[in-house]
Every structure is written in C-alpha cells, then in structure tokens.
1. Quick one: which residue in Arg502, Arg488, Arg495, Arg462 is over 17 Å from the mean Cα position of the chain (by Cα), more than 27 Å from Glu77 (Cβ to Cβ) and either among the charged types (D, E, K, R) or open to solvent by less than 10 Å² (accessible area, probe 1.4 Å) (or both)?
2. Could you please find all residues in region 1-54 being within 16 Å of Gln103 (Cα to Cα), modelled with pLDDT of 95 or more and of a type in the set (Ser, Thr, Tyr)?
3. Please work out which one of (1) open to solvent by less than 40 Å² (accessible area, probe 1.4 Å); (2) farther than 25 Å from Leu168 by Cα is the condition Arg31 fails and give its number.
4. So is His382 in a helix (DSSP H, G or I) and either in contact with a helix residue (DSSP H, G or I) (Cβ under 7 Å, 6 or more places away or on another chain) or closer than 25 Å to Glu244 by Cβ (or both) or not?
5. Looking only at residues in region 96-112 that are among the β-branched types (Val, Ile, Thr) and either open to solvent by less than 30 Å² (accessible area, probe 1.4 Å) or more than 21 Å from the chain's Cα centre (by Cα) (or both), which one is farthest from Asp68 (Cα to Cα)?
6. Identify, please: which residue in region 324-363 is touching a His at 6+ places or on another chain (Cβ under 6 Å) and surrounded by fewer than 21 Cβ atoms within 10 Å (Cβ to Cβ) and is, among those, nearest to Leu294 (Cα to Cα)?
7. I'd like to verify a number: residues in region 57-77 that are of a type in the set (Gly, Ala, Ser), farther than 25 Å from Gly20 by Cα and crowded, with 16+ Cβ neighbours inside 10 Å, how many?
8. Within region 265-307, track down each residue that is free of Cβ contacts under 8 Å to residues at least 40 places away in the same chain, open to solvent by 50 Å² or more (accessible area, probe 1.4 Å) and not charged (D, E, K, R).
Amino acid sequence: MSAHRRALIPQPTQLAHRPGFFTLRPHTSLRISPGAESAAALLRTLLGPPSGPAFPASPDGSFVLALDPQLTGLGAEGYGLTVAPDAVLLRAGEVTGLLRGIQTLRQLLPAKALSGLPVPGAVRRLPCVEITDVPRHPWRGFMLDVARHFQPVSLLRRYVDLLALHKLNVLQLHLTDDQGWRMPVAAYPRLTEVGGRRAQSMVGPAGSAEFDGVPHEGAYTRAELTGLVAYAAARGVTVVPEIEMPGHSRAAIAAHPELGAVPGRRVDVWTEWGVCDTVLGVHEPVFDFCRTVLDEVLDVFPSPHIHLGGDECPATEWAASPVARARAAAEGLADTGALHGWFLRRMGAHLRERGRTPVAWADTGEGLPPEFTVMTWREPEHTRIALKRGHSVISAHHRAAYLDYAQTASPGEPPAQPGAVVDLRAVHAHTVPESEDTVGELIGVQAALWTEFVSDPEHLDRLAFPRLCAFADRAWYGAASWPHFHSRLAAHSARLGALGVRHGPLHPHLPTPHSSGKEQS
C-alpha cells in the first residue's frame, strides 16, 4: 500500500484520499478552540517531535482543533478530519471526538513515528485526506484479567495506549477472583496482604494439576489506580473495575474467613483454575464488607459502570448452610439457588443509589433486575433474550471475542484455554445479534483475555494482537470485507512493530508468529 494511501484500523466510516501531503514541523502552530485544550495536550504528547512537545498555540495556526457543539451528527466520539497541503482541520462536537481523530492522525504518519524515537532524516508527513468517522457501538471494550496473573501498572498504561490507537474506549480490569485480589481497600488491608498472594500456580491445561511451585503475588496501590484512570481518561478510555461477587471470591475469604458461606473456616487462595465452590455467605456482615469495598472502588474509579462479576456461582455451600437456608426462607425465595440473584440485586441497588450502573456476566439476564447491564458471553441467542428482557447489553461472545483461546491449531501454540480455536478470521467475522422487537439496548461489544495461562507480557501481546485489531475494526466500523481488512492489517503490522507489540500470526493459517511486525514494514 502506497505511503499516500495509508491503511487505517479501524476503517473510517467515510474516507477520501486527496493529492499532496501536510508536513509536521516543530514550529507548526495549533489553533485551539475553547474546550479543546486537553486534546491539544494529547496531540503534543503523541505527535510532537521526539525531543518533546512543541506545536505552540497561535490564533492563526495552520493546524486547527475545532470543538463545535453544533456538530450533533457526529455524536460523542465522531470527528471530521481534513488534511490539505497547507492546513489540517480536526473538528468534533465533543472533545472525545477530537481524541479519536488524533489517533487517526497518528496512523496517517509513517509507522516509525509511533516508536517515539528520533529517526534521522525522517520527514513527518500526513497524506491529504477527507474523513468523516462515527463509531458503530458506544461501548468498545477489552477486559484484562489481572487477578489470575498480576500485571504491573506500566503494562496497563501501555495497553491503554494500544486500545486508544485502535479506538477501543473501555479497559475493564478483572481485579479479583479465587486466585488473587489486586484492589487495595483501606478498611481491609488483608485483602491484598493475604488475598493478593497464592502459593503456586497451575501451568498446564485445565485439570492437569501441573503446578509450578512458584508463589505469585501482586496488588496495586490506590495512587497507581487513580493515576491509571487519569492517564486513560486523557486518551478517551474509561477504566471499568470488576469486583467479583458472590462467587469467584475465595481470595477474599482466604483473607477474611468470617465472610465465607461457612464462616470461620480457613481456606487458601486458590491455586487451581476453573469454578471454585467457595462463595461468600449471605449473613449481614458480608454485605457490610461488600458495601465498604464498593464505596472505595467508586472513589477510585469514576466510570458510570461498575462490574460485579456475578457469574459461575455454585450454590453448594448455601444449600448446606443453615444460615443460607434460613435467609432464603425469610426472603421468600424458592431455594438457596435464588440467593444468587437476591445478592446481586442488593449490591446493584447500592450502586444505583450512588449513581452508577451495575454490570454482571450472565447468560440471558434471568434473575437480574432490568437496571443491570448484562454482559453476555455464552451464546449469540442469549444477547437477543437479554435485550428482550429490557436490559442494556454488551456482547462478549466467547467464540469470537475471548482472546485466551488458541489462535491457530498448530502444535507449537503456547498453552491456551481449552476449546475451539478462535483465529483471526473468527474474530473479524464476529457479528452481534440485533433485533428490532427488543426493549433493551445493545450498547456495545467487548473482547476478553483471561490469564490462567498468560503470565508474561510477550505471551499477552501474542494472544491480544492482531486479533484485537480485527475486533476493533468490527466494533468501530462494522462489516468490512475480510480481504480489505487483511490487506490493511499487513500494513498496520509495521505500526505494531514500531510500538514493540510481539504479535501473533497475521494470517489465521500461519503457525509461525510474527515477532515484531517488521516483516511487513
């Protein structure tokens, strides 16, 4: 693909190439409309010269950042971009749209410019284009599981940058699970001191009982998380926390045995994968604990949505508990299994009282009040059913959006989630079931990367990319043809290489991964 016709991922809604180039120079000045200052700051950070931010402000600058509330047709994230030989005009109705346009400008530059390193003799030129761009879905998310294998905040910031480049706008952090608790809570320091450390990790396939014997630990500080939230917000990415309840809570119960369905029984932080029978109890101190945890979560994360996990909660311990059976009877529930929905309704109401929207993993939304946003993952038909129930829905279909599955059938594939291969083409072919006779609203789509078998950044990169590129293209643009996407991806891999992304194969039938993307540069 010629330098004049740079491949863009995701594909813009409307794109027209024009003759000529606009050359970015350190003295190129910005004309900044009121309210666009934060976009100008990001522009200077991402497109400024390697020696540091430049682009001084000037009332007659040739590079215009125009914020115009009258551009209502562009919505919250749409933008219009005109690059001419003598000027650049980036305009949007809201500042987030300007942030999206800046990411397009990054992709219009030569790929080496994304590395942030000086390139002697390089001329930073933008090809002339006319672009009008509006996203297909308002929620375009990526969930990263940092509970099974902890990742430092530096990696999270790097992934924020990668998400923003691909116009994905939500980073969901799976902060707690049976195998680890990563969220600091001032009133309960043992959650990270005890719950943030497990004795060893299983390294083989599920059910193999192969343990590495190496302790695994890690937790974030409050300052790290608040800093991450601010860093992401400056790039138009919302960080959504996920605190699992009432199942997937063994790490919390290891730290505080009084919270379990068998109060006082001591358990360890789980070293296995899968679904654990250990669940929170339903006695009142448990709800005091959950409210305290969630209130601190709300202080750290201003996101409108708060994820409560909520799925895969065995009722075995409740069925055997006199306290749980009495609670179910007192609440007029059919059996102890119904305590699951009752528990989530209580905690969802707590979030609603504080102006937030609860989110839960669920098959169809059955048992959840309509104010819950449902994240469906098992079957496409479940999305339609949840919409008919009146829920807002985020589709995360595991056979198209779970990036922890193997991406090739090669024997050389690193350990992955057992199941069918989810290759690049399967992700690109991801379609979201929609229906006109629904009460609820499909607000978006989300990819997920669970980390039972992913402990290091290189493995994480290889699983996430380039499949996340295909997911982003679908989430923003929609149904681009496979040949068109694949040709753009071949060129886009040079950008991944410049950013140090050690991605997987660019073709679904190639067993050998491209280590850096430089092969396509």
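The values are calculated or read from the model by the stated rules, or taken from the named source; none is laboratory data. Not measured: the values here are computed from a predicted model. Note that each Cβ is placed from the backbone with ideal geometry, even for glycine, and that neighbours are counted across all protein chains shown. Each accessible area value is taken on the protein alone, full model and side chains, heavy atoms only, with ligands, DNA and RNA left out. Shrake-Rupley method; radii C 1.70, N 1.55, O 1.52, S 1.80 Å.
1. Details: Arg488 fails: more than 27 Å from Glu77 (Cβ to Cβ); Arg495 fails: more than 27 Å from Glu77 (Cβ to Cβ); Arg462 fails: over 17 Å from the mean Cα position of the chain (by Cα).
Being over 17 Å from the mean Cα position of the chain (by Cα), more than 27 Å from Glu77 (Cβ to Cβ) and either among the charged types (D, E, K, R) or open to solvent by less than 10 Å² (accessible area, probe 1.4 Å) (or both) holds for just one of Arg502, Arg488, Arg495, Arg462, which is Arg502.
2. Passing the criteria: Thr13, Ser38.
3. Single failed check for Arg31: (1).
4. Details: in a helix (DSSP H, G or I): yes; either in contact with a helix residue (DSSP H, G or I) (Cβ under 7 Å, 6 or more places away or on another chain) or closer than 25 Å to Glu244 by Cβ (or both): yes.
Yes: the conditions hold for His382.
5. Residues of region 96-112 that are among the β-branched types (Val, Ile, Thr), as a first pass: 96, 102, 104.
Okay, now just the ones that are also either open to solvent by less than 30 Å² (accessible area, probe 1.4 Å) or more than 21 Å from the chain's Cα centre (by Cα) (or both), so 102, 104.
Numbers: Ile102: 16, Thr104: 19 Å.
So the residue we want is Thr104.
6. First, pick out the residues of region 324-363 that are touching a His at 6+ places or on another chain (Cβ under 6 Å): 357, 359, 363.
After this cut, where a residue has to be surrounded by fewer than 21 Cβ atoms within 10 Å (Cβ to Cβ) as well, the list is 357, 363.
Details: Thr357: 12, Asp363: 24 Å.
Result: Thr357.
7. 2
8. Val275, Pro285
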